[in-house]
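Student: A single structure is presented below for examination.
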Amino acid sequence: MDYKEIFWMACDSVEQLRAEYGPFHTRAEAEAEARKLGFGYLLRYEHILDENEEIREVRCVFLELPGTAVPAVAAVSLHTRCATCGESATHNKCWQAEVWADIHEFEHSRHLVRLFEHARGQGLKEIGGWRG
């Protein structure tokens, strides 16, 4: 007989690159923490376990909290990713991204590095023509 295990997380967005905080046993605990952190979403994980307590299936359900707004000024992080081999890195400053790209393209001839910015709650956005 299968068993369903449920736990809750507070999260800032529904994007793949999101901040999650938890886990919590109840929705009320997760909601209180999400409001304290300024997060606008809850994430409910459901694990379906078999008789050996092995995870058979995982379900994720996002719930938007009423009365919360996405912050007007979102922190932005920069992400570089090689379009050729897929190697990637995260940076706080533009010059760090440029140095990483220069080193990667020098070490791997014919590789092309792309730059993305990630704003909380908005996901990744490519910055085209960033190197000249």
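Student: What is the sum of charges around SER13, taking Lys and Arg as +1, Asp and Glu as -1, for the other residues whose C-beta is under 15 Å from the C-beta of SER13?
Tutor: Working: positive: ARG18, ARG120, LYS125; negative: ASP12, GLU15, GLU20, GLU64, GLU117.
Overall, the nearby charge balance is -2.
Student: Follow-up. Could you grab the relative contact order for the chain? Cα pairs under 8 Å, six or more apart, rounded to a whole percent.
Tutor: Numbers: 244 pairs, mean separation 27.4, N = 132.
It rounds to 21 percent for the chain.
Student: Follow-up. Calculate the dipole size of the range 11-60 relative to its Cα centre from +1 charges on Lys and Arg beta carbons and -1 charges on Asp and Glu beta carbons; express the result in debye to the nearest 20. Write down the numbers at each step before the final one.
Tutor: Values: 7 positive and 12 negative charges, 76 e Å.
Its charge dipole is roughly 360 debye.
Student: How fast does the chain diffuse by Stokes-Einstein, in µm²/s, taking the Kirkwood radius from C-alpha pairs at 25 °C and 0.890 mPa s? The partial results should precede the final answer.
Tutor: On the way: Rh = 17.3 Å.
For the chosen part, D equals 141 µm²/s.
Student: Over the range 3-64, what is the relative contact order in percent, taking alpha-carbon pairs closer than 8 angstrom and at least six residues apart?
Tutor: Details: 123 pairs, mean separation 22.0, N = 62.
The value is 35 percent.
Student: Near LYS4, which lysines are there with a Cα under 29 Å away, not counting those fewer than 8 places off in the same chain?
Tutor: LYS36
Student: Let me ask something additional. Take the alpha-carbon positions of the range 3-64, form their convex hull, and give its projected area averaged over all directions (one quarter of the hull surface) in nm².
Tutor: For the range 3-64, the mean projected area of the Cα convex hull comes to 4.1 nm².
Student: Across the range 76-127, how large is the tail of the calculated P(r) beyond 17 Å, expressed as a percent of all Cα pairs?
Tutor: Working: 393 of 1326 pairs.
For the range 76-127, the fraction of Cα-Cα distances above 17 Å is 30 percent.
Student: Okay, moving on. Can you compute the charge dipole magnitude of the chain about its Cα centre, using +1 on each Lys and Arg Cβ and -1 on each Asp and Glu Cβ, nothing else charged? Give it in debye, rounded to the nearest 20. If you can, show how the numbers build up before the last one.
Tutor: Working: 15 positive and 22 negative charges, 142 e Å.
That gives the chain a dipole magnitude of about 680 debye.
Student: Okay, moving on. Work from the charge dipole of the chain (Cβ charges, +1 for Lys and Arg, -1 for Asp and Glu, about the Cα centre) and give the residue of PRO66, TYR3, ALA32 farthest towards its positive end.
Tutor: So the residue we want is PRO66.
Student: Run the numbers for GLU15 and ASN52: contour at 0.36 nm per residue of separation, minus the present Cα-Cα distance, in nm.
Tutor: Details: separation 37, 0.36 × 37 = 13.32 nm, distance 3.29 nm.
Length gained between GLU15 and ASN52: 10.0 nm.
Values quoted throughout were computed directly from the atomic coordinates according to the rules given, and no laboratory measurement underlies them. Keep in mind it's a predicted model, so treat the numbers as computed, not measured. We place every Cβ from the backbone using ideal geometry, glycine too, and count neighbours over all the protein chains shown.
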